[in-house]
Amino acid sequence: MKIYKICFSPTGGTEKVAGFIAAKLGSDIVNIDLTDRKADFKGVALNDDDVAVIAVPSYGGRVPAPAAEHITQISGNGARAVIVCVYGNRAYEDTLAELQDCALKAGFSIVAAVAAIAEHSIVRRYAANRPDQDDYTALNKYAEQIAAKLNSNDSATPAIPGNRPYKKAGSVGFVPRPTGQCTSCGLCASKCPTGAISTDNPAKVDKKACISCMRCAAICPHGARKVNRLLLSAANIMLKKVCSTRKECELYI
Ligand SMILES: Cc1cc2nc3c(=O)[nH]c(=O)nc-3n(C[C@H](O)[C@H](O)[C@H](O)COP(=O)(O)O)c2cc1C
């Protein structure tokens, strides 16, 4: 039995949660990076005795569009899956329901779902330093419950929250731009999940293709990609009320 960690994590928060859960479920881990726009997801095929941890961040209460597209190209072949949504302490709304539908379409059998919190990748003061010790204690407990369910060969799908039709997907419109420190090294362009940044000129961004995932800003070795400060402070004000009360991790099993 292999554990497939199938993860879309532009800035690393989702990866922390998925990596933790996957490592608790087994040691033979196969990594599938859903942010890799050049990967051949149609060539990924699991066996029915494999287990998948399929993890995405919540973007506006939905699964990021490229993640949904890539997951549905994978052949689950009846493998059991734990679906995971990671969010920035506002809300995850229909993310788990949509992720459940994507995983089903790919041929997985969903045995558990987890919602967890990580630093808000746009306004980083919210959920800063999460997942923290309390989160990992909860995730550890959840992983034990999931492992027990997998070992008992119980494949029942739990009730997973969310609406159908899903919330309307919207773009947040934060497009990071290079500052004077940019050396045009091209790392941002090569790692952009949607290919929105020109490889010849990283200052050129296809605004329609950009999903505001903040990968480019997070990985720039010179800290030279930033979003507009005024937009950021407006987002901070908008999120203040809804993000300030601590939310806890949840398990559906
Ligand atoms: C475009 C975008 C939309 C987001 N929408 C939400 C949201 O609706 N609710 C929320 O709590 N967090 C939201 N977040 C925060 C992310 O879900 C959170 O920071 C997550 O940990 C990011 O995952 P990553 O670190 O793997 O990239 C959003 C982040 C981005 C970039």
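The values are calculated or read from the model by the stated rules, or taken from the named source; none is laboratory data. Being a predicted model, the structure only gives us computed values, none of them experimental. Note that each Cβ is placed from the backbone with ideal geometry, even for glycine, and that neighbours are counted across all protein chains shown.
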Which residues, counting only those in segment 92-131, are part of a loop (DSSP other than H, G, I, E, B), crowded, with 21+ Cβ neighbours inside 10 Å and more than 12 Å from the ligand (Cβ to nearest atom)?
-> A106, F108
By residue number, the members of segment 24-62 that are in contact with a strand residue (DSSP E or B) (Cβ under 7 Å, 6 or more places away or on another chain) and away from the ligand (no atom under 16 Å from the Cβ) are L25, G26, D28, I29, V30, A39, V44, A45, L46, D50, V51, A52
If you check S152 against the conditions, is it without any contact (Cβ under 8 Å) to a residue 60 or more places away in the chain, assigned by TED's automatic domain parsing to the domain that holds S212 and over 19 Å from the mean Cα position of the chain (by Cα)?
-> no
Restricting attention to segment 148-157, does a residue exist that is closer than 24 Å to I110 by Cα, in contact with a Cys (Cβ under 7 Å, 6 or more places away or on another chain) and part of a helix (DSSP H, G or I)?
-> no
Within segment 173-231, restricting attention to residues that are out of contact with any Lys or Arg (no Cβ under 8 Å at 6 or more places or on another chain), of a type in the set (A, V, I, L, M) and within 12 Å of the ligand (Cβ to nearest atom), which residue is farthest from P10 (Cα to Cα)?
-> I211
Could you tell me whether any residue of segment 39-53 is closer than 25 Å to A189 by Cα, in contact with a Cys (Cβ under 9 Å, 6 or more places away or on another chain) and not assigned by TED's automatic domain parsing to the domain that holds S190?
-> no
Residue identified as among the small types (G, A, S), over 26 Å from N129 (Cα atoms), assigned by TED's automatic domain parsing to the domain that holds A143 and away from the ligand (no atom under 14 Å from the Cβ) among A81, A65 = A81
Just checking, how many residues over segment 44-90 are under 18 Å from I110 (Cβ atoms), buried (at least 19 other Cβ atoms within 10 Å of the Cβ) and small (G, A, S)?
-> 8
